[in-house]
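The values are calculated or read from the model by the stated rules, or taken from the named source; none is laboratory data. These figures come from a predicted structure and were not determined experimentally. Heads up, the Cβs are rebuilt from the backbone with ideal geometry, glycines too, and the neighbour counts pull from every protein chain shown.
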Amino acid sequence: MILSFAVLAVLYLVFLGVLVYLGVGYIPIAIIGGLMVLAQWYFSDKIVLWSSGAKVVTKDQYPKLHAIVERLAAENGLPMPKIAVMNTQIPNAFATGKSPKSAVVAATAGLMNTLDDDELEGVLAHELAHVKNRDVLVITLASLFSIVAFSLMRFGLFSSMFGGYGYGYYGGGRNNNGAGAIVIIIAVAAITWFVSFLIIRAISRYREFAADRGSAQMTRKPEKLANALLKISGKIKAAPQRELEQAASLNTFFIMPALSRGSLSNLFSTHPPVEERVRRLMEMQSLLK
């Protein structure tokens, strides 16, 4: 993952260097993009709960769920997160929150109906590993300049189609009559956004492997998480397409994406293939024997 962040840093420095060379007034857009990212991070728990329809539940309502998370959190030096339940029969889980103190761990009704206690513990430990690793913050920071690049690309296309005044729209470059400059800006922004998109997806896949490993370390039962992933995958494949499409907006947060496609699309996926995750978990299991 360090290499991915290093490549991302070099990419963003080159992107900024090109903007400076062309005299683009990128600072206002960077500020707007930064504020967008900050708001997304700060309100991440509320945004995800609202978009998922998950409801925070009490210990009296879901005693087993609370007991598992409370024990895992205590054993790993984490504050007790809020517990939420998403009313869908598609088995899945997610964690969100700007820090461990504001974290929310959520499970679907389908998850609790599908898994046994040890498998459920493995999934919840995976989500707590995300909390412990501050993965929401990691991905948010990695996305900052990607959002700036995407904003520049959109504004550039908009101004070129409707503004009719070249790249002076961005703050007055060296040559306001240079019609080709805006094309260069759009192209550089598009390339930056696309490459950073791929790198961020790679970082996300790495964080999933890390959370699987964290779950194995917390529970000492990696085989149970592997079993859970296979059960979840099987149920998702059998679920109605319409329900999967409705849940797909939360793919980044779920332990397993509601919709996934094969082969080449793995490059664009937020999660590694389930087969590879299971293989690694079973290797961990063999080391424990």
| message | Show the residue pairs meeting these rules: Cβ distance below 6 Å; 6+ apart or different chains; first residue within the stretch 42-59 and crowded, with 16+ Cβ neighbours inside 10 Å; second residue modelled with pLDDT of 85 or more and of a type in the set (D, E, K, R). | response | S44/K98
| said: Which of the numbered conditions does S51 fail, given that it passes all the others? Conditions: (1) out of contact with any Ser or Thr (no Cβ under 9 Å at 6 or more places or on another chain); (2) of a type in the set (S, T, N, Q); (3) within 24 Å of L259 (Cβ to Cβ). | reply: (1)
| message | Looking at the structure I just gave you, is I83 among the aliphatic types (A, V, I, L, M), modelled with pLDDT of 90 or more and not in a helix (DSSP H, G or I)? | response | yes
| request: Name every residue in the stretch 261-280 that is touching a helix residue (DSSP H, G or I) at 6+ places or on another chain (Cβ under 8 Å) and surrounded by 13 or more Cβ atoms within 10 Å (Cβ to Cβ), in order of residue number. | output: S269, T270, H271, P272, P273, V274, R277, V278, R280
| Matching residues, the stretch 201-238, being surrounded by fewer than 19 Cβ atoms within 10 Å (Cβ to Cβ) and not in a helix (DSSP H, G or I) | R220
| Residue in the stretch 19-29 that is surrounded by fewer than 13 Cβ atoms within 10 Å (Cβ to Cβ) and either at pLDDT 75 or above or not in a helix (DSSP H, G or I) (or both) present | no
| task | Being of a type in the set (V, I, T), in a helix (DSSP H, G or I) and more than 15 Å from M218 (Cα to Cα) is the filter here, so list the residues in the stretch 36-79 that pass it. | result | V37, I47, V48
